[in-house]
Ligand SMILES: Nc1nc2c(ncn2[C@@H]2O[C@H](COP(=O)(O)OP(=O)(O)O)[C@@H](O)[C@H]2O)c(=O)[nH]1
Ligand SMILES: [Mg+2]
């Protein structure tokens, strides 16, 4: 039986293209030459993207950066609330406009807002 909790026992050969695409190494954050820097977290459901985004925002805030979180998931309203709550906890603004707009448009509007607020 496959032990999903021990990565050493899983044959990753089938997933290699994805690993190659995403990169397997840890690297420094690269900031954009012209602000704002946009960081997109991509991954399967439950891999901690939302949690990490709030932790990352807190980390960046402590580095003296101003940042904004954008709630781009239009399919699961609860995760918008999740990000809003986490944003409150780390005291970082969250751009959320609900579930009626497609993610690309949410990102575009959120970026516009971030620029306006000089995030
Ligand atoms: N126990 C524990 N749970 C965590 C941790 N980080 C995230 N979670 C929980 O794991 C679940 C999935 O995380 P989430 O950030 O929502 O994943 P996403 O679907 O990739 O956005 C949520 O219920 C989180 O509260 C952690 O460090 N410890
Ligand atoms: Mg999420």
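The values are calculated or read from the model by the stated rules, or taken from the named source; none is laboratory data. What you are looking at is a predicted structure, and each value in this text was computed from that prediction instead of being measured. Backbone-built Cβ (ideal geometry, glycine too); neighbour counts: all protein chains shown.
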Within region 55-78, track down each residue that is in contact with a strand residue (DSSP E or B) (Cβ under 8 Å, 6 or more places away or on another chain) and assigned to a loop (DSSP other than H, G, I, E, B).
68, 71
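Within region 100-112, track down each residue that is under 17 Å from the mean Cα position of the chain (by Cα) and not in a loop (DSSP other than H, G, I, E, B).
103, 104, 105, 106, 107, 108, 109, 110, 111, listed by residue number.
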Mind listing whichever residues of region 51-70 are within 9 Å of ligand 2 (Cβ to nearest atom) and buried (at least 18 other Cβ atoms within 10 Å of the Cβ)?
53
Any idea how many residues of region 67-99 are away from ligand 1 (no atom under 15 Å from the Cβ) and closer than 20 Å to residue 46 by Cα?
1
Taking region 20-66 and keeping residues away from ligand 1 (no atom under 16 Å from the Cβ) and under 12 Å from the mean Cα position of the chain (by Cα) leaves 38
Among 12, 40, which is the only one that is touching a helix residue (DSSP H, G or I) at 6+ places or on another chain (Cβ under 8 Å) and at pLDDT below 90?
12
Condition (residue is within 16 Å of ligand 2 (Cβ to nearest atom) and surrounded by 10 or more Cβ atoms within 10 Å (Cβ to Cβ)) applied to region 18-39: is it met by at least one residue?
yes
Keeping to region 79-99, report how many residues are surrounded by 12 or more Cβ atoms within 10 Å (Cβ to Cβ) and not in a helix (DSSP H, G or I).
7
What are the pairs with Cβ atoms under 8 angstrom where one residue, in region 92-103, is farther than 30 Å from residue 64 by Cβ and the other, located anywhere, is in a loop (DSSP other than H, G, I, E, B)? Sequence gap at least six, or different chains.
98/74; 99/74; 99/75; 100/74; 101/74; 102/74
